[in-house]
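Remarks on the structure that follows.
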């Protein structure tokens, strides 16, 4: 069966590499060979092993009936959306690694694929090499998913791990991550939590079977996390991790992206460096966790190739997937219950007066105190915190 | 679509329970309802909510063309094998939780399913609620799987966790596990590693695409692990875990079931109590890990229900799966390389003479010494160990 790749950047070239290197294995697992016929890219790649397959006009692929499998690794919503739509409407299966596209247009593209009796898969769009999408769509289907909590951004996990292990400050670690290529020149999407937000929107859409708008998710990044916060976390025997969370709230889900303090008993506690992991709780299954490389050329391309093989095995059939276009109204974030770690220059007496119950953490920092509240709704936290004169930081607990 | 359950024990009744409790969710995810029509069991269950569905004759199910989906949760090879075969030959899809059946007859039943254009699925046969089978068969298909290492037996993991946390002896912990229902009256299959051996045989068959005979796998249980060994493990900063391992060895795999010492950096280190986990390394994906409830009524039944939904979605199609009946010749276990932890009453001088390189572990035990060798082939270990007069125990390192 013949395939095409749209976008010959890091992931796209990784897909071509895996199709070359693991050719025999792929043939064995798929039952037949996957032959790469075209690569769409406006750039030239002189000397590249796939140089002769490069084309600049998307319609060459659209109009070639031999091509049944298409990979989209261009990134961004446009022109990826227009191209993917053309391919689906031409009766070609499409897999994408593009989280922006899936978060924005997933429901619609799934419908278009269904109408054209092909498949639109997107394993690589969340968690890189971690097969979390197929696990939710094809394995944990007998369970009401009560909670999904992920460490789904490698950049921020690397940074928080460095800050934890070396006691370094945010700005220094960011510079180092940029120098190593773990953070982009403009790191906003990672450090402000926007990337994690799109990913939890996709995962929530899948378990709810309905479109979740990422703009509706309360999102807080890690830019306010300091070396002092890390000291408190250590004194409390915990780690700070950027979590993307979604949990059943009545007949909908409530979602949030924010840094959280995790204790060692949590399955995500030991997920360090650039690794990602997703914790899933089902009403029958109980707790489960999926761990691996959340990004990187080959792990992400490996997920794309897994989709290619899956599409080949289902070349004549749309695999039903519930993801309605009607937007899901998420639970009010003010109703969420958490415990909160708070740093303040207020006295312990003032803290007790404001919060009643409070567990003080001694990290040996002068001129302030850190404490952990009991379980409180966000709205109650916001009320109580007003009573403290000087709040230096707040981090939720999981 | 109508379904039948063969075997109304713990798992079978769990499947019926999930079909009742999660009925709406299952209908949403499957695209149509799964209606339980028959339950095959020789026993009576007066007062059971499914009482009216009980039948004692397997042919009632075989001959009912309405039943397209069959669950096998009887356990053991016979009569499960005969019944499953009948169902497949009658054009019904079958899912089983029965590892003995899959390890023994997997390749043949997959072929029979293919010949009859139906599916034979077995997610629940390894790792209970952990979706490791579908992950290997349907997600990590673009990767050469270089290593699979699992904690796949909950009983022994519970026991080793207890021994580690409480310093208790093997016999006491076994009695407690039996009292709590975590270990069977006859615990042999668990504590001697036979259960783990069948599971790694199934996983190895899947990644090799060929039948692996579990009798060919070197298998060592945990009965020789003592409270003293645990003390050494702690002194070395490690934990003892029963691992079922399989790794690429030339053009085949080499497999082993044995207790291993794990350091904290290993993803399986923090898998405690009755939880299971499987670590998978792919040549493109890198390291990944899948964690969850390895046993228990509802987690295991959840995996069966996931298979039911998958079979419903593929009711008119066999999903290709490579698992040839021809037996795979495994790599020679004597060629495997490991480091070894050894306890002996020999002197440090004798140890150094025998092994050259040796890292001594001080656990404060009188009258003996414990040490860790460098990387050695099994055959070389067997040669060198002969030079030590009194060897009290040996545990491999991962």
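On average, how much area does the Cα convex hull of the stretch A:254-394 cover when viewed from any direction, in nm²? Write out the running numbers ahead of the final one.
On the way: hull surface 53.0 nm².
If I average the Cα hull's projected area over directions, I get 13.3 nm².
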Nearest 10 degrees, 0 to 90: helix B:154-166 Cα axis against chain B principal axis = 40
Among B:230, B:132, B:26, determine the one that fluctuates most according to a GNM of chain B built with springs between C-alpha atoms less than 10 Å apart.
-> B:26
How big is the stretch A:287-355 on each of its three principal axes, counting only the C-alpha atoms and giving the largest first in Å?
-> 69, 34, 22
Mind checking the angle between helix B:80-89 and chain B's longest principal axis? C-alpha axes, 0 to 90 degrees, to the nearest 10.
-> 50
Taking chain A as a Gaussian network, Cα atoms linked when under 10 Å apart, which of A:314, A:382, A:194 shows the biggest mean-square fluctuation?
-> A:382
For the stretch B:271-314 and the stretch A:340-398, compute the distance between their C-alpha centroids and round to whole Å.
-> 40
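Given the peptides A:298-304, A:354-360, B:208-214, arrange them by the average over their residues of other C-beta atoms within 10 Å, most packed first. Please report the intermediate quantities before stating the final value.
On the way: A:298-304: 28.9, A:354-360: 14.9, B:208-214: 20.0.
Top to bottom by mean Cβ count within 10 Å: A:298-304, B:208-214, A:354-360.
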Can you give the alpha-carbon Rg of the protein assembly as shown over 2.2 N^0.38 Å, where N counts its residues?
-> 0.98
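Given N residues in the stretch A:334-397, what is its alpha carbon radius of gyration divided by 2.2 N^0.38 Å?
1.01
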Residue of A:264, A:46, A:187 that the Gaussian network model of chain A assigns the largest fluctuation, springs spanning Cα pairs under 10 Å = A:46
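Within a 10 angstrom radius of each residue's Cβ in B:20-32, how many Cβ atoms of other chains show up on average? Whole number is fine.
Working: counts 0, 4, 7, 0, 1, 8, 4, 0, 3, 12, 4, 3, 1.
Average per residue, whole number: 4.
Calculate the all-directions average of the projected area of the stretch A:34-106's alpha-carbon convex hull, and give it in nm². Don't jump to the answer; show the numbers that get you there.
Details: hull surface 19.9 nm².
Average of the hull's projected areas for the stretch A:34-106 equals 5.0 nm².
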Dividing the alpha-carbon Rg of the stretch B:73-123 by 2.2 N^0.38 Å yields what?
-> 0.97
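Which value in Å is the Kirkwood Rh of the stretch B:46-187 over different Cα pairs?
Numbers: mean 1/r = 0.0557 Å⁻¹.
Mean inverse Cα-Cα distance, inverted, gives 18.0 Å.
Averaged over peptide A:303-312, how many Cβ atoms belonging to another chain are found within 10 Å of each residue's Cβ?
Numbers: counts 6, 1, 6, 10, 4, 2, 6, 5, 0, 2.
Other-chain Cβ atoms within 10 Å of each residue's Cβ, averaged: 4.
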Calculated SAXS-style log₁₀ I(q)/I(0) at q = 0.25 Å⁻¹ - the stretch A:262-307, Debye, Cα scatterers | -0.92
Whole-number D in µm²/s for chain B (Stokes-Einstein; Kirkwood sum over Cα pairs; 20 °C, 1.002 mPa s) = 96
If one puts a single equal scatterer on every Cα of the stretch A:222-303 and applies the Debye formula without solvent, what log₁₀ I(q)/I(0) results at q = 0.12, 0.15, 0.17, 0.19 Å⁻¹?
-> -0.46, -0.71, -0.88, -1.03
Hey, got the Cα dimensions of the stretch A:108-154 along the principal axes, in Å, largest first?
-> 35, 28, 16
Inter-centroid distance (Cα atoms) of the stretch A:13-31 relative to the stretch A:199-269, Å = 36
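Taking 0.36 nm per intervening residue step and subtracting the Cα-Cα distance, what contour gain separates residue A:10 from residue A:108 on full extension? If you can, show how the numbers build up before the last one.
Working: separation 98, 0.36 × 98 = 35.28 nm, distance 2.67 nm.
Net length gain for the segment: 32.6 nm.
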Taking the mean number of other Cβ atoms within 10 Å as a proxy for protection, how do you rank A:323-336, A:47-60, A:11-24 from highest to lowest?
-> A:11-24, A:323-336, A:47-60
Full-stretch length increase - residue A:28, residue A:379 - with 0.36 nm per residue and alpha-carbon distance subtracted = 120.7 nm
Measure out, as a whole number of angstrom, how far apart the alpha-carbon centroids of the stretch A:41-95 and the stretch A:102-130 sit.
-> 16
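Taking each residue of B:140-150 in turn, how many C-beta atoms of other protein chains fall within 10 Å of its C-beta, and what is the average?
Working: counts 10, 15, 21, 12, 5, 1, 0, 0, 0, 0, 0.
The per-residue average across the peptide is 6.
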Rounded to the nearest 500, what is the 222 nm mean residue ellipticity of chain B from helices alone, with -39500 (n - 2.57) per DSSP H run of 4+ residues and division by all residues?
-> -10500 deg cm²/dmol
Run through all the Cα pairs of the stretch B:300-340 and give the fraction in each 5 Å bin from 0, expressed as whole percent.
-> 5, 14, 12, 11, 12, 11, 10, 13, 8, 3, 0
Rounded to whole angstroms and listed largest first, the alpha-carbon spread of the stretch A:134-293 along its three principal axes comes to 45, 32, 26
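Could you check how many percent of all C-alpha pairs in the stretch A:188-243 are farther apart than 12 Å? All intermediate terms of the calculation are to be shown ahead of the outcome.
Numbers: 1058 of 1540 pairs.
Everything past 12 Å amounts to 69 percent.
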Cα long-axis angle, helix A:194-208 against chain A (0 to 90 degrees, to the nearest 10) | 70
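Here, each number is a calculation from the coordinates, and none is a lab measurement. The structure presented is a predicted model; accordingly, all values stated were derived computationally and were not measured. For neighbour counting, all protein chains shown are included, and Cβ atoms are generated from backbone atoms with ideal geometry for every residue, glycine included.
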